[in-house]
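To start, the structure itself, in structure tokens.
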Amino acid sequence: MIASIFAMSENRVIGKENKLPWHLPADLKFFKATTLHHPILMGRKTYESIGKPLPLRTSVIITRQPDYQVPGTLVVNSLTEAINKAQEINKDIFIIGGAEILKEALPLIDTMYLTLIHATFEGDVYYPAYNEQDWQEVWREDHQPDEKNIYPFSFIKLLRRK
């Protein structure tokens, strides 16, 4: 499985100034539970926004910078190399961002884990366009705002139609 996992607003925003433009603890918990013990692939800017390797996951960083190194991670120069190295560890891998990596990976992704935040945000990074007819929703869990999560949101799993 090559999956993407991301949170997106109703207007497709996924980031602003290299950060998430919302605070949604339930999404962070869902991300952790879903990706635990799996390789996570990301671009350098996404890694730097996180700031450290995430526990109990192999972080694979994709960068064009030839001398870029981060202890405790795998650093590669292409998406293909990232996928190959990650799948040597576990066949099920997660691509977590940023937008350039997600756009390049979209034709290869067979599963999407989406947190859809039912609000609009200003942002400077958007999830790449995709043909929604190519995807089938197989699971959804809707949530109303609560004391910790101030926006309504849905966890959604999509599988690519064959």
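Brief remarks follow.
- Look at segment 9-30: where a residue is in a loop (DSSP other than H, G, I, E, B) and of a type in the set (F, W, Y) and a partner is surrounded by 14 or more Cβ atoms within 10 Å (Cβ to Cβ) and modelled with pLDDT of 95 or more, sitting 6+ places away or on another chain with Cβ atoms under 8 Å, you get W22/A7; W22/S9; W22/I117; W22/A119; W22/F121; W22/Y151.
- Condition check for A33 on (1) in contact with a Leu (Cβ under 8 Å, 6 or more places away or on another chain); (2) surrounded by fewer than 21 Cβ atoms within 10 Å (Cβ to Cβ); (3) free of Cβ contacts under 8 Å to residues at least 24 places away in the same chain; (4) of a type outside the set (F, W, Y): one failure, at (1).
- Pairing each residue of segment 70-89 that is under 18 Å from S4 (Cβ atoms) with any residue that is among the charged types (D, E, K, R) and not in a loop (DSSP other than H, G, I, E, B), provided the two are 6+ apart or on different chains, yields C-beta distances under 9 Å for V76/K85; L79/E104.
- Test: residue in segment 132-140 that is among the acidic types (D, E) and part of a strand (DSSP E or B): yes
- Going through (1) of a type outside the set (A, V, I, L, M); (2) touching a Ser or Thr at 6+ places or on another chain (Cβ under 6 Å); (3) at positive phi one by one, G72 falls short only on (2).
- One residue from E48, E88, E81 being farther than 20 Å from P128 by Cα and under 16 Å from the mean Cα position of the chain (by Cα): E48
- Identity of the residue in segment 1-16, touching a Gly at 6+ places or on another chain (Cβ under 9 Å) and farther than 19 Å from V60 by Cα, that ends up surrounded by the fewest Cβ atoms within 10 Å (Cβ to Cβ): N11
- Test: Y47 is surrounded by 12 or more Cβ atoms within 10 Å (Cβ to Cβ), part of a loop (DSSP other than H, G, I, E, B) and hydroxyl-bearing (S, T, Y): no
- All positions within segment 33-86 that are under 20 Å from A99 (Cα atoms) and basic (K, R): R44, K45, K52, R64
The values are calculated or read from the model by the stated rules, or taken from the named source; none is laboratory data. What you see is a predicted model; the values in this text were computed from it and never measured. So basically every Cβ, Gly included, is an ideal-geometry build from the backbone, and we count neighbours across all protein chains shown.
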